[in-house]
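Student: My questions all concern the structure below.
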Amino acid sequence: MKEITITRAMAALKINEDKIAKRRQFQLAYLIRESDRVDPIRAEGGSEGYIQRLGQSINDLIAERLAVKRAIAVANMRHELTLPMNPAAPRRVTRSIHDWLVWRNQIAKPTRDHLIAMAKMIQQARFGTVRDRLQSFAQRRSVTEAEDAKKDIAVNIDEEKLNEEIELITHILQELDGELSQFNATHTVKVGETLDTIEDLDRRQ
């Protein structure tokens, strides 16, 4: 077995993914031809055998991919990170890296996106109200106070708290990303010695 950092392992996974995609494209390229055409790779064993060999190599790459992802997953389950959940308070939370990744991808990011969408909706509503008033003024319309009041918007949420929550989640995510980058760069996982994606990675550097 060979030990490499998680950062290198993740780079190897990208190379692995690219190779699988390229070999599948080759399979499609040689999948069919007009019956009266000569097999373009007949001298190399023919298209049928080539497609079969590509299929086997794809299966091998998939097995390698699963092994690397499993090694990363095990490392993420075994190691923990402790992060402050509020810069202004002493509360800190300890979770496995696996759980932090789940929290980041399935909870924090969707929550932040929803809060940002709420804030944008409020801003767009206000912008629309101001724009309408400017257009009314430009067109020299007479707008009574009653009519003007109808254009005001009622915001059913504390905007200050909304913005604070967006900033807090963004801050925690930035802290988490920094800790994850450091962890990935310093912790190693074991992979097979013959993993050709790792050899490709060595040649690229």
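Taken together, the values in this text are just the output of simple stated rules run on the coordinates, not laboratory data. What you see is a predicted model, and the numbers here were worked out from it, not measured in a lab. Because the Cβ atoms are built from the backbone with ideal geometry, glycine has one as well, and the counts that use them run over all protein chains shown.
Student: Give the residue list of trypsin sites (Lys or Arg not before Pro) in segment 1-65 that are DSSP loop and have at most 16 other beta-carbon atoms within 10 angstrom.
Tutor: On the way: sites: 2, 8, 14, 19, 22, 23, 24, 33, 37, 42, 53, 65; in loops: 33, 37.
Here the sparse-neighbourhood loop sites are 33, 37.
Student: Can you tell me the FRET efficiency between residue 177 and residue 74 if r is taken as the Cβ-Cβ distance and R0 is 22 Å, rounded to the nearest 0.05? Write out the running numbers ahead of the final one.
Tutor: Numbers: r = 22 Å, r/R0 = 0.98.
Here the calculated transfer efficiency is 0.55.
Student: For labels at residue 41 and residue 18 in the simple 7 Å Cα→Cβ model, what's the distance in nm?
Tutor: Distance between the two pseudo-spin positions: 2.0 nm.
Student: Here is a follow-up. Apply 1/(1 + (r/R0)^6) to the Cβ-Cβ distance of residue 67 and residue 109, taking R0 = 25 Å, and write down the FRET efficiency to the nearest 0.05.
Tutor: 0.35
Student: Here's something else I'd like to know. Within the set 69/120; 22/69; 69/161; 2/109; 14/190, which residue pairs have Cα atoms separated by over 29 Å?
Tutor: Long pairs (Cα-Cα over 29 Å): 69/120; 69/161; 2/109.
Student: Along segment 30-35, what does the Karplus equation 6.51 cos²θ - 1.76 cosθ + 1.60 (θ = phi - 60°) give for ³J(HN,Hα), rounded to whole Hz, x for Gly and Pro?
Tutor: 10, 5, 9, 7, 5, 4
Student: Using 0.36 nm per residue of separation minus the Cα-Cα distance, give me the extension gain between residue 56 and residue 157 in nm, one decimal.
Tutor: 30.6 nm
Student: Please quote Rg/Rh for segment 21-126 to two decimal places, taking the Kirkwood radius as Rh and restricting both calculations to Cα atoms. It would help to have the intermediate numbers written out before the result.
Tutor: Details: Rg = 25.5 Å, Rh = 19.3 Å.
In segment 21-126, Rg relative to Rh is 1.32.
Student: Report the local net charge at residue 31: Lys and Arg +1, Asp and Glu -1, summed over other residues whose C-beta lies under 13 Å from its C-beta. The partial results should precede the final answer.
Tutor: Details: positive: 23, 24, 33; negative: 34, 39, 48.
Result for the local shell: 0.
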